[in-house]
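What follows is one structure encoded as C-alpha cells, with my remarks underneath.
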Amino acid sequence: MTVYYKGFPQSDREEYLHMINVDELEQRVKKIMPEGAYYYIASGSENEWTWRNNTAAFNHWQIIPRALTDMENPSTATEFMGMKLKTPVMISPIACHGIAHTMAEVDTQKGAAAAGALFASSTYANKSVEDIAKAAPDAPRFFQLYLSKDWKFNEMVFDAIKKTGYKGIYLTVDALVSGYREANLRTKFTYPVPLDFFTRYLDGKGEGQSVAQMYASSAQKIGPEDVRRIKEETGLPVIVKGVESVEDAYKAMGAGADGIYVTNHGGRQLDGGPAAIDVLPAIAKAVNHQVPIIFDSGVRRGSHVFKALALGADMVGIGRPYLYGLALGGAPGVQSVIDQLDKELLIDMQLTGCKTIEDVKHAKIAHINYTADNLDSITSPDRMKPYPKTADNQIKTNGASDATSGASEH
C-alpha cells in the first residue's frame with residue numbers, strides 16, 4: 001500500500017473511491033501522505049485569502065431553477081476544439097504527481113481517460129510524456145508549458161510533446177515567480193521525486209529543489225511575441241493560462257492565442273487578487289466566443305462546474321481533488337473524483353431543464369455580493385492543527401522514520 005523513493009512514502013493504491021463529496025478526500029489523504037507533500041497541494045500563498053475565496057465566491061452566483069421543462073436524462077458529453085469528451089470537467093495541470101502516487105501522471109492520465117475527460121500534464125511532471133502517452137494512447141491531452149529562459153530546453157520539450165501526440169499547449173503566464181507559499185516554508189518542502197524533463201536536460205536537478213528554485217529556472221519575461229514563437233515552432237494550438245483581466249484576454253488574442261485560460265493558479269500565486277469565478281463573466285463577454293475559454297480555481301462541486309459553464313467557460317478544470325483521489329486510489333481514484341462531480345452536475349442539469357452542456361451555457365444565473373473573511377493561513381501557529389502520524393506517512397531517514405514532521409528533506 002506504500003512504497004518508498006529514497007525514504008519518501010508514495011501510495012500505490014488502485015481502487016475506486018466512494019465519497020459523499022470530494023471535500024472529504026482532503027482529510028482522508030492526510031493518513032497516507034507526508035505533511036510537507038499534503039501542504040504543498042492543499043495550501044495557497046500568504047494569508048490564503050484568494051485561495052479561500054476561490055471556492056467561497058461561487059456563492060456570489062446563484063443558479064435559477066427551472067420547472068415544467070419536459071426534460072429528462074441530461075448528458076454531460078461535450079466537444080472541445082474538435083475533441084469529443086464525456087464531461088466538461090478536465091484535469092488541470094499540477095506539478096509532481098509523484099508526491100501523491102508512485103505511478104504519478106501515468107495513473108492520472110489513465111483515470112482521466114476512463115472518465116472521458118481532458119488531461120493535462122506539466123513541464124514539472126515526474127513521468128515522461130512518452131510514458132503518459134502509452135498509458136492512454138487515444139486519450140486527448142494538453143501540455144502545460146513553463147517557458148524556460150533556455151530555448152534549447154523549450155525545443156526539447158516541444159519535440160517530445162509533438163512526437164507523443166499532445167493536442168495543444170497551455171502557456172502559463174501567471175507564475176513568473178513562485179507565490180509566497182508559507183506552508184512550503186514551514187514544512188521545508190522540496191520536490192522529493194525526480195521531474196522527468198529536468199532529469200533529461202539538467203542531470204536530475206528537478207529533485208531536491210524548492211518551488212521557488214524551480215520557478216527561478218523559468219522565464220520571468222513573457223510577452224505576446226512568445227505566444228507567436230511557440231505557435232510557429234510547435235504548430236500546436238496555444239492557450240494562454242493565467243488570464244484574470246479583460247485587457248490580458250485582448251492581448252492574448254491579439255498575439256494569436258487559440259484560447260483563454262481563466263485561473264489564479266488555485267490561489268497559489270498572488271494573494272489578495274479576486275476569486276477566479278468573479279472575473280470570468282467580464283472576460284467571457286470580451287472574448288465573445290472568438291476563442292474557447294477554460295476555467296479553474298476553487299472548483300469542488302458539480303454546481304461550481306455548472307456556474308462556470310453558465311458564466312462563459314467551455315471547460316472547467318479541477319486540481320487538488322484529483323490529486324487526493326490519485327493518492328487514495330490511483331487511476332480509479334482519479335476517475336471517481338470526476339464521476340462524483342459529473343453526478344452532481346447531472347442533478348443540477350435536471351433541476352434547471354438543461355439537456356446538454358450547451359444548454360448549461362445559456363442557463364440563468366443570478367448575482368449577489370458577499371463579505372469575505374480575513375483569516376490567517378491554515379499553517380499559521382494559532383490555527384495549525386496537529387498532523388496525524390501513521391506508519392504510512394513518515395519519511396524514512398537512515399532506516400528510521402522522521403517523527404518530527406514527515407517533511408521532505410531531499
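Miscellaneous remarks
- Close amide H partners of residue 8, meaning residues 5 or more places away or on another chain with modelled amide H under 5 Å apart, are 396.
- The chain, helix-only ellipticity at 222 nm - DSSP H runs n ≥ 4, -39,500 (n - 2.57), divided by all residues, nearest 500: -10500 deg cm²/dmol
- Spin-label pair residue 162-residue 247: with each label point 7 Å from Cα along the Cα-Cβ axis, the two points sit 3.5 nm from one another.
- Full extension of the chain between residue 31 and residue 138 gives 35.0 nm of extra length, using 0.36 nm per residue less the Cα-Cα distance.
- Amide H contacts under 5 Å for residue 46: 180, 181, 182, restricted to partners 5 or more places along the chain or on a different chain, H placed in the peptide plane at 1.01 Å from N.
- Cβ-defined net charge surrounding residue 112, 11 Å radius [Lys, Arg +1; Asp, Glu -1]: +1
- Distance from the C-alpha centroid of the range 319-353 to that of the range 215-238: 32 Å, rounded to the whole angstrom.
- Modelled this way, with points 7 Å down the Cα-to-C-beta line, the labels at residue 285 and residue 364 are 1.9 nm from one another.
- Inter-label distance, residue 23 to residue 347: 1.3 nm, where each label sits 7 Å from its Cα along the C-beta direction.
- ³J(HN,Hα), Karplus 6.51/-1.76/1.60, whole Hz, each residue of the range 127-143, x for Gly, Pro: 8, 6, 5, 5, 5, 4, 5, 5, 5, 7, x, 9, 7, x, 8, 10, 10
- Report note on the peptides 319-330, 150-161: ranked by the mean count of other C-beta atoms within 10 Å, highest first, their order is 319-330, 150-161.
- Order by protection proxy (mean Cβ within 10 Å, highest first), peptides 215-224, 285-294, 24-33: 24-33, 285-294, 215-224
- Once the chain from residue 56 to residue 355 is taken as fully extended at 0.36 nm per residue, the excess over their C-alpha distance is 104.9 nm.
- Per residue, the convex hull volume that the Cα atoms of the chain enclose (Å³): 128
- Rg and Dmax [Cα atoms of the range 257-311; Å; Rg one decimal, Dmax integer]: 11.2, 30
- What the Cβ-Cβ distance of residue 150 and residue 185 gives, at R0 = 25 Å and to the nearest 0.05, is a FRET efficiency of 0.40.
- In range of the label at residue 15: residues from the range 316-335 whose backbone nitrogen is under 19 Å from the point 7 Å along Cα→Cβ: 322-335
- Burial ranking of peptide ranges 170-182, 46-58 (average Cβ count within 10 Å, highest at the top): 46-58, 170-182
- Cross-link reach is defined here as a Cα-Cα straight distance under 16 Å, omitting same-chain residues fewer than 8 places apart; for residue 84 the lysines meeting it are 167.
- Viscosity 1.567 mPa s, 4 °C: Kirkwood-radius Stokes-Einstein D of the range 1-136 over Cα pairs, µm²/s: 73
FYI, it's all coordinate maths here, none of it is from the lab. The structure presented is a predicted model; accordingly, all values stated were derived computationally and were not measured. Quick reminder, even Gly has a Cβ in these numbers, built from the backbone with ideal geometry, and neighbours come from all protein chains shown.
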